[in-house]
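All remarks here apply to the structure that follows.
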Amino acid sequence: MSATTTGRLRQARRMVRLPAWGVAGRPPILAAAVCLLIVIAAIGGGAITPYVPDEADFTAILAPPAWSEGGSWQHLLGTDQLGRDMLSRLIAGARISLLTAVAAVVAGGTVGVALGLAAGYIGGIVEAVIMRVVDAFLALPFILMALAFVAALGTGVGNIVLVMVLTNWARYARLVRSEVVSIKQRDFVALAQVAGLRPAAIALRHILPNVMTSILVLAVLDVGRAIILESSLSFLGLGIQPPEVSWGLALAEGRTYMSVAWWLTVWPGLAIVMTVISFNALGDWLKAGFDPRGRL
Amino acid sequence: MAHAVIGTAPTRLGARTEFGRRTWLLGGAAAALAMRGAGTAHAQAKPPLSVAVGTDATTMDPCRIAGGNDYFFFANVFEGLYGPDEQGQPAPLLAESHTVSPDGLVWDFTLRPNARFHNGEPVTADDVRFSWQRAVAPETRNPRASVLVANIADVVVLDERRCQVRLKKRDASFLNNCGEYWYIISRKHVESAGENPFDRMPIGTGPFAFVERRIRSYIKLRGFEQHWGRVPAFGEVTLKIIPDDQSRVAQVQTGEADIVINIPPVLAAPLQRLPNVQIIRAPSFQNIYIAINALNGHPGLQRADVRRALNMAVDKQALLRATMLGFARQIEMPCQTGIFGCDATVTPYGFDPTRAREILSQAGFDFNRPLRILGQGTGRVPQARETVQGVASFLNRIGVRTEITMLDYGAWISTYGAKEKDPNVDLIFANFTDYNTDPSGRLLRQIRSGSVYSWYSNAEIDAQLDRMNDFASTEERRKFVQGIMAKLHEEAPLITLWTVDSVYGVGRGIRWTPTPNVSWPVLFNVQRA
Amino acid sequence: MARFILTRLWQTLITLLLLTILIFILARLTGDPTPLVMPSEATEADRNFFRQQYGLDRPVYEQYVIFLRNVLHGDFGISFRYREPAFGLVLAAIGPTLQLAGVSMLVAMLLGLPLGILAALRPGSWFAAAVRSYASLGQAMPTFWTGLMLIAAFAIMLPVLPSSGYGTPANFVLPAVTLGFYASASITMLTWANMTEALRSDFVQMERVLGIPRRLVVLKHALRNASLPIVTYLGLQFGLLLGGAVVTERVFAWPGVGQMLVDAILNRDYPVVQAAVMLTAVLFMAINLVVDLLYAVLDPRVSTP
């Protein structure tokens, strides 16, 4: 695609999230609080769960949440079909869900940024090759791509992260490359070149910082997307496998029991939705602050 | 009416319909015959039936069947000389009687006079011969020929209704396997329909005839009015293919389907409370177990006492109640009630975790090395994940460490059925479905060393298994098989768990007793209430 | 202009070639399909014949060359599972997917466009806040969850709609609403943003000053200026819906390409995996290409790269 068309289309796509209130505006306190909570849960992981998330207890299967009839305060959010505590699974799930999403974003972002930088700065044949590969990867809707990779690599936490990295890096590469191309023209870069700085140094120390804000915004908005992708994969049975637990997996497992035990699907579903909304709100606010005109 | 009889090819398959003049002439003749027979008028008056199934048939060619999943189609559209009756026991179907020579090698069959193909043609001994020829022909590439048809030396046509089957080797499982491994097809149909005759219009003799199909969406059948004895109470039958459990079950809740098959246990209980749905269970032959790698895994597993102890460590009843909600029957042996020779007398393993731990310690079991368990992640088998996790937690309680890896079905079966067994796998969750009451299927393909799914090796048992079918007397064979089963119980190559019940959801307007001991729906006896 | 078109076509071709390599490698990496295709009763001879028949015993690069040559003839091989040409199977499945994508697109537009326009006309009101929440929710709810909730509500509790399957117009409702809701979220925000910007533009302000009634201004100018990016976005969204409907197809037992792909992957059915991915990718890229060209034609400010 031509640079201008790309720019316009990207503008069109990015305008998706431009909030209606003014530049920066109110910081989203609630969203930030939720994000913080999730992060704490993720870091705490097994240490802060009331029960071992994977321990089966056949005497208490499908117990409803504490406030419902038949529930007990022993299991605040109820238990699943093997008697495992839902609250513990939710917390443990936060760890895996968030970890996979963040790892995918960070790793995918790093790879994508590196390649995008190289493509944008070096130009020529390197740029052409990289961008064609980027196009190939972007030619597929992400879940299709993810499925094909999962089929090839297998399931499990490590592989899922790898799959998400593979489906994700191209967007960063494309973004960074076009930013770099436009920054490259600017005076300070010309000055640096004249001053004799090595290309790598110019790229890393002068160009990259200018691109960081866009990358950051994209990354934060990406976390939500990655969580949904992982939960979709797990729903299809091709994502996280037991005894690990992620929200997507909990949803997939609980789904069969939906008509008898609503709490098995509602808690993980709510967790996903709340987390994604919060990260998106945070990302929107960041974008409004750094880039109100939607230059991205 | 002529349409249905000739068989207008379903254009949705994308294959061009090519019918030579001969077919049209034959079709015309068949149509005339059908018109004369009482039939088509009735078919119009009979109500429709819709059944929601979980997987599509991968083929409609009886010589290309690749697995048990396809039988929901074949068991209703095709028949063999013998096959399961309403109790799941072998009974005469297309043949009305048979005699067998004392040495067990020569079988004479007399066909029913009123047996017909779906195109109206009578079933003759020549068709039986042709069915054998096609099933063993190299160009047909029948992947299951080795079980039955490859053992037939010749089929001699004695007269129009009598044929003589000569076997190469004596095979006690022959009659039983006729029901699933040797379907009778029409020579006229195959020879006139050109290439891939069954892809566009499969012609069989079963209670239901094929009408049309949309791959992965539905298969339409019609009640075959001229069937020799099992004329269905329904006219048009639609088999809707809905892989997703939840969506499939919803079909009977909303009344969109009259029957839903393969209901996961958890969904069955709440359905029972609905006024417009009945839950019907029937025992099936789908076995669930944990295969033990007695070849090259954890060294402790190569001892029979350790394997027995593992069986003792799992509270199978509790696990069954918890994961299968009672929709299964616990089994002790590597076979279940109803299988020939399974009624051997043995002392049950019992549930005794303390004793199990003792045995392991005495045997010098290495508790530091975890047992690696392979499970099935994607839900082809109900509660597969939960079962593995449950077994693992029981093992954990006696101090055995476990590491579970869940794989999707493709990866799982590649490992389970691999030629060289993976030494990094110690226990594998598995299921095996017997097609009929004969034990040789499972024993030869899952226990005998060197077979596809065997993770166990014992020369003495192998020798016995190789002789298992070489009997003329049923009683002698029964004793022999009982002996094998008792020995296998002692050897414990598996952690035996249970057989899954077939759970059907049926609308209130339907009356049905599903055939027990088959793992697919046999629909000819479905009635309106 | 012509140069632009040629360049784009050329780029597309290279990308397609790379895609074939990618797809080929991925499919081959899924492992040996023999245990899945061959029943347990098959002999070793049967298994070897199968491997030979599908060229699985030849070196990888040779398999790729054969694959590429066949693809150029539109032949993706015979499905391992169904023993029918893979391309035909996928083609039959594309129909339902396209239909669902189309109807979902309609739903998304019917929801998103009016909401976006109205929100832009009433900034800061409770209505705008509600629309923002709607959009947030739409992007955050996984489609399978939405689908399940809808089935529970409208097919089970209130049995007014079919819960799954394909065939009647009624079957379209729940899946199209599920996907449409998801797609409408981004359309809403995009329309809102573009309308806001268009409303703030100089000549719109000018017309307001001149006293031309608000409605006319909105309809004539703001809409027209906002429409171009929206139209291009709709095109992109359609492409996304094509592939992204995988999960929805699963929930509603929709016999489309997405379901077919998931099944094929689980069954190691290489030919179908390759055909499905290739076809979807080609469609997606074709849509992108058309959108690009349309943009180039409609927006005279676009210059050649």
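The values are calculated or read from the model by the stated rules, or taken from the named source; none is laboratory data. Just so it is clear, the model here is predicted, and its values are computed rather than measured. Neighbour counts run over all protein chains shown; Cβ positions are idealised from the backbone, glycine included.
Observations on the model:
- Criterion (surrounded by fewer than 24 Cβ atoms within 10 Å (Cβ to Cβ), within 14 Å of another protein chain (Cβ to nearest Cβ) and within 23 Å of A:S214 (Cβ to Cβ)) met by exactly one of A:G83, A:G123: A:G123
- Counted residues, segment A:139-152 - those being part of a helix (DSSP H, G or I), under 20 Å from the mean Cα position of the chain (by Cα) and within 9 Å of chain C (Cβ to nearest Cβ): 8
- Residues in segment C:33-61 that are within 14 Å of chain A (Cβ to nearest Cβ) and touching a residue at least 40 places away in the same chain (Cβ under 8 Å): C:P33, C:L36.
- Condition broken by B:L111, with the remaining ones in (1) in contact with a strand residue (DSSP E or B) (Cβ under 9 Å, 6 or more places away or on another chain); (2) among the hydrophobic types (A, V, I, L, M, F, W, C); (3) surrounded by fewer than 21 Cβ atoms within 10 Å (Cβ to Cβ) satisfied: (3)
- A search for C-beta distances below 6 Å between a residue of segment B:267-285 that is farther than 30 Å from B:Q89 by Cα and any residue that is modelled with pLDDT of 90 or more, counting only pairs 6+ apart in sequence or on different chains, returns B:L271/B:V277; B:L271/B:I279; B:L271/B:G505.
- Sole residue being more than 18 Å from A:A281 (Cα to Cα), aliphatic (A, V, I, L, M) and at pLDDT below 90, chosen from C:A128, C:A170, C:A140, C:A185: C:A170
- The C-beta contact set for segment B:497-508 (first residue among the basic types (K, R), second residue surrounded by fewer than 22 Cβ atoms within 10 Å (Cβ to Cβ) and assigned to a strand (DSSP E or B), distance under 9 angstrom, 6+ apart or interchain) comprises B:R508/B:V277; B:R508/B:Q278.
- Filtering segment C:256-288 to residues that are within 27 Å of C:L9 (Cβ to Cβ), surrounded by fewer than 24 Cβ atoms within 10 Å (Cβ to Cβ) and facing another protein chain (nearest Cβ under 9 Å) leaves C:V282, C:F284, C:M285, C:N288.
- Within segment A:229-240, residues that are more than 9 Å from every other protein chain (Cβ to nearest Cβ) and over 20 Å from A:V105 (Cα atoms) have Cβ atoms under 9 Å from residues that are aromatic (F, W, Y) and surrounded by fewer than 24 Cβ atoms within 10 Å (Cβ to Cβ) in no pair, counting only partners at least 6 apart in sequence or on another chain.
- Across segment A:50-68, the number of residues qualifying as at pLDDT below 80 and on the phi < 0 side of the Ramachandran plot comes to 11.
- For segment C:57-89, a residue qualifies if it is small (G, A, S) and crowded, with 18+ Cβ neighbours inside 10 Å, and the qualifying residues are C:G77, C:S79, C:A86, C:G88.
- Put simply, of A:A252, A:A226 the only residue that is assigned to a helix (DSSP H, G or I), at pLDDT below 80 and either closer than 25 Å to A:A63 by Cα or not basic (K, R) (or both) is A:A252.
- Of residues in segment B:392-423 being of a type in the set (A, V, I, L, M) and within 10 Å of chain A (Cβ to nearest Cβ), the one nearest to B:S454 (Cα to Cα): B:A411
- Of all residue pairs spaced 6 or more apart or on separate chains, those with beta-carbon atoms under 9 Å, a first member in segment C:104-126 that is more than 13 Å from chain A (Cβ to nearest Cβ) and a second member that is of a type in the set (A, V, I, L, M) and assigned to a loop (DSSP other than H, G, I, E, B) are C:S104/C:A245.
- The set of residues in segment B:471-514 that are in a strand (DSSP E or B), closer than 17 Å to B:Q272 by Cα and touching a Pro at 6+ places or on another chain (Cβ under 8 Å) comprises B:D501, B:S502, B:V503, B:Y504.
- Of the residues making up segment C:142-162, those that are touching a helix residue (DSSP H, G or I) at 6+ places or on another chain (Cβ under 7 Å), without any contact (Cβ under 8 Å) to a residue 24 or more places away in the chain and either of a type in the set (S, T, Y) or not in a helix (DSSP H, G or I) (or both) are C:V160, C:L161, C:P162.
- Being without any contact (Cβ under 8 Å) to a residue 40 or more places away in the chain and either within 11 Å of another protein chain (Cβ to nearest Cβ) or aliphatic (A, V, I, L, M) (or both) is a property that C:T20 lacks.
- Listed by position, the strands (runs of 3 or more DSSP E) inside segment B:235-343 whose residues that are farther than 27 Å from B:G54 by Cα and either more than 14 Å from chain C (Cβ to nearest Cβ) or at pLDDT below 90 (or both) number at least 1 are B:277-292.
- Residue that is nearest to the other protein chains (Cβ to nearest Cβ), among those in segment B:207-218 that are modelled with pLDDT of 95 or more and surrounded by 23 or more Cβ atoms within 10 Å (Cβ to Cβ): B:F210
- Enumeration of residues in segment C:23-35 that are in contact with a helix residue (DSSP H, G or I) (Cβ under 6 Å, 6 or more places away or on another chain), crowded, with 16+ Cβ neighbours inside 10 Å and not in a loop (DSSP other than H, G, I, E, B): C:I23, C:F24, C:L26, C:A27, C:T34, C:P35
- Hey, A:T275 surrounded by 21 or more Cβ atoms within 10 Å (Cβ to Cβ), within 27 Å of A:F149 (Cα to Cα) and within 14 Å of chain B (Cβ to nearest Cβ) or not: no
- If you go through segment C:132-141 and keep only what is crowded, with 21+ Cβ neighbours inside 10 Å and more than 9 Å from every other protein chain (Cβ to nearest Cβ), you end up with just C:G138.
- Residues satisfying the stated conditions in segment A:199-224, i.e. free of Cβ contacts under 8 Å to residues at least 12 places away in the same chain and under 13 Å from A:E179 (Cα atoms): A:P209, A:M212
- Check on A:V180, touching a helix residue (DSSP H, G or I) at 6+ places or on another chain (Cβ under 6 Å), over 28 Å from C:L266 (Cβ atoms), buried (at least 21 other Cβ atoms within 10 Å of the Cβ) and in contact (Cβ under 8 Å) with a residue 24 or more places away in the chain: yes
- Scope segment A:257-273; condition touching a residue at least 60 places away in the same chain (Cβ under 8 Å) and either assigned to a loop (DSSP other than H, G, I, E, B) or of a type in the set (K, R) (or both); matching residues: A:Y257, A:V260, A:A261
- Scanning segment B:211-234 for residues that are under 17 Å from B:A257 (Cα atoms) and aromatic (F, W, Y) gives B:Y218, B:F234.
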